[in-house]
Amino acid sequence: MNMQPILSFAHSLINKAVSEGDSVIDATVGNGHDTVFLAKLVGESGHVFGFDVQETAIQNTTKRLQAEKVDHRVTLFHKGHETILDSIPETAHSTITGAIFNLGYLPHSDKNITTKPNTTIMAIEQILQMMQAGGIIVLVVYHGHEEGVIEKEQVLEYVQHLDQQVAHVLQYGFINQKNNPPFVIAIEKRK
Ligand code: SAM
């Protein structure tokens, strides 16, 4: 396929906004796939702040980071991403240039523990406040479950009304695929 798949598109946007030495946020670490990607992207002099409400997710991510020998580049918080502004040290706020969310539930885990529209929106607001101009927030929206449909609608409603003087907002996804395929929302803070 010549068109870029969803996850590779999400990563390519982050790649453009983030340079070595920057700080970034993984707002939903889960099994740590994106956390490892981000830790490699920011390099030895950069830093990743990762969040998840599940102990299993923090443990799985820690193991994955250790296996890749990048665990020292990451601070993990066993907390909801709605605490981002208070959890990340204030000195690091102005160094944030990117953030990733994978909405929904952890695969092969408790499907009742899923991201929620109000806390997702709170986290986006907090990141927009601290992030550098030119920085990008990427959300991969999974909406094949009941909670996911509600979250998709509310998050879309929120981002569609972000002031265009404050942020560029993009939606990217395949519209003829069956079974509610995930799609990307990207928010770039304007300079
Ligand atoms: N990116 C992950 C990976 O590479 O494996 C997958 C993330 S999974 C789709 C969504 C994760 O969000 C789950 O691990 C879940 O525990 C977490 N989550 C749910 N509510 C959250 C919240 N308020 N703050 C942070 N994480 C949350």
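Entry remark, region 87-122: residues being in a helix (DSSP H, G or I) and surrounded by 24 or more Cβ atoms within 10 Å (Cβ to Cβ) number 0 in total. H78 meets all of the listed conditions (1) crowded, with 22+ Cβ neighbours inside 10 Å; (2) more than 15 Å from the chain's Cα centre (by Cα); (3) closer than 20 Å to I124 by Cα but one, namely (1). The residue that is surrounded by the most Cβ atoms within 10 Å (Cβ to Cβ), among those in region 9-41 that are within 14 Å of the ligand (Cβ to nearest atom) and of a type in the set (S, T, N, Q), is T35.
To keep it simple, each residue is scored yes or no on (1) free of Cβ contacts under 8 Å to residues at least 12 places away in the same chain; (2) more than 21 Å from Y172 (Cα to Cα).
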{"residue": "M1", "(1), (2)": "yes, no"}
{"residue": "S8", "(1), (2)": "yes, no"}
{"residue": "G21", "(1), (2)": "no, yes"}
{"residue": "V24", "(1), (2)": "no, yes"}
{"residue": "S45", "(1), (2)": "no, yes"}
{"residue": "F51", "(1), (2)": "no, yes"}
{"residue": "N60", "(1), (2)": "no, yes"}
{"residue": "H72", "(1), (2)": "yes, yes"}
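To keep it simple, each residue is scored yes or no on (1) outside any strand (DSSP E or B); (2) surrounded by 13 or more Cβ atoms within 10 Å (Cβ to Cβ).
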site	(1), (2)
Q126	yes, yes
I137	no, yes
G144	yes, no
I150	yes, yes
V155	yes, yes
Q165	yes, no
V169	no, yes
N176	yes, no
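Going by what's in this entry, would F49 be described as closer than 16 Å to I84 by Cβ, of a type in the set (F, W, Y) and either assigned to a helix (DSSP H, G or I) or in contact with a strand residue (DSSP E or B) (Cβ under 8 Å, 6 or more places away or on another chain) (or both)? So F49 passes the test. From the set of residues in region 68-103 that are in contact with a strand residue (DSSP E or B) (Cβ under 9 Å, 6 or more places away or on another chain) and among the basic types (K, R), which is nearest to the ligand (Cβ to nearest atom)? Ranking the candidates gives K79 first.
Only a single criterion out of (1) in contact (Cβ under 8 Å) with a residue 60 or more places away in the chain; (2) away from the ligand (no atom under 11 Å from the Cβ) is not satisfied by L106, namely (2).
Condition first: at pLDDT 95 or above, more than 10 Å from the ligand (Cβ to nearest atom) and under 14 Å from the mean Cα position of the chain (by Cα). Can you find one or more residues in region 157-180 that meet it? Looking for residues that are at pLDDT 95 or above, more than 10 Å from the ligand (Cβ to nearest atom) and under 14 Å from the mean Cα position of the chain (by Cα), one finds none in region 157-180, hence no.
Among what's in region 42-58 and is hydrophobic (A, V, I, L, M, F, W, C) and surrounded by fewer than 22 Cβ atoms within 10 Å (Cβ to Cβ), pick the residue that is farthest from the ligand (Cβ to nearest atom). Once the filter is applied, the top-ranked residue is I58.
The values are calculated or read from the model by the stated rules, or taken from the named source; none is laboratory data. Predicted model only: the values in this text are computed from it and were never measured. Virtual Cβ from ideal backbone geometry, glycine too; neighbours counted across all protein chains shown.
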